[in-house]
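Just so it is clear, none of the values below were taken in a lab; they were calculated from the coordinates. Every value quoted in this text rests on a predicted model; they were computed, and no experiment measured them. Glycine also receives a Cβ, built like all others from the backbone with ideal geometry; neighbour counts cover every protein chain displayed.
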Amino acid sequence: MTIELHPNIDAHLLETLESVSDPEIPVLSVLDLGVIRKAVEDNGTVKIKLTPTYSGCPAMDVIGDDLTKAFAAIGKDTEVELVLSPAWTTDWISEAGKRKMEEYGIAAPLEESADKEALLGNKKLVKCTLCGSTNTHLVSQFGSTACKALFKCDDCLEPFDYFKCLK
């Protein structure tokens, strides 16, 4: 496994951070999702700054607890701080994370203008995660979570989630 280097994360913490999954999309680590803004070890305590995907995201408490448990398993204390600014954006999802998301059956976010066109039903831009067709349509602005919209493929007839672009 190759773990991408992050300028605000101590390299020796990367493997443990990579082991913590997003509870809503378990194939994504917190690093894939881009919610870890900073992670440094200071006097034996791992200090983590965590940015929610959106304010009020219920997964943040679970992620904070999971980070604490992961570092406790290797004998480290943690302090997890929720940081709201700068706001998280889907641009922070790693390329590996976008690939994992699509393989899991969730269409990765489009660019902002394309996202609006797709969600307003103006253009067929969201690719089916099963067959790859863009002959898809919006079923609901909300999918299995508030971050996602529900689409259906008009070729293979399968429903799938689309992770909405957030800027």
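Taking the range 139-155 as the range and being of a type in the set (A, V, I, L, M, F, W, C) and either touching a residue at least 40 places away in the same chain (Cβ under 8 Å) or assigned to a strand (DSSP E or B) (or both) as the test, the residues that pass are VAL139, ALA146, CYS147, ALA149, LEU150, PHE151, CYS153. All of (1) surrounded by 15 or more Cβ atoms within 10 Å (Cβ to Cβ); (2) of a type in the set (D, E, K, R); (3) within 20 Å of SER21 (Cβ to Cβ) hold for GLU95 with one exception: (1). Select from the range 26-50 the residues that are in contact (Cβ under 8 Å) with a residue 40 or more places away in the chain, surrounded by fewer than 22 Cβ atoms within 10 Å (Cβ to Cβ) and of a type in the set (Val, Ile, Thr) and list them in ascending order. Answer for the range 26-50, where residues must be in contact (Cβ under 8 Å) with a residue 40 or more places away in the chain, surrounded by fewer than 22 Cβ atoms within 10 Å (Cβ to Cβ) and of a type in the set (Val, Ile, Thr): just VAL27.
Would you call GLU158 within 16 Å of the chain's Cα centre (by Cα) and in contact (Cβ under 8 Å) with a residue 24 or more places away in the chain? Judged against the criteria, GLU158 is not a match. Considering only residues that are free of Cβ contacts under 8 Å to residues at least 24 places away in the same chain and not polar (S, T, N, Q), look in the range 61-72 and name the one that is surrounded by the most Cβ atoms within 10 Å (Cβ to Cβ). Result: GLY64. Selection of the range 127-145 for residues being surrounded by 15 or more Cβ atoms within 10 Å (Cβ to Cβ) and closer than 19 Å to THR53 by Cβ yields GLY143, THR145.
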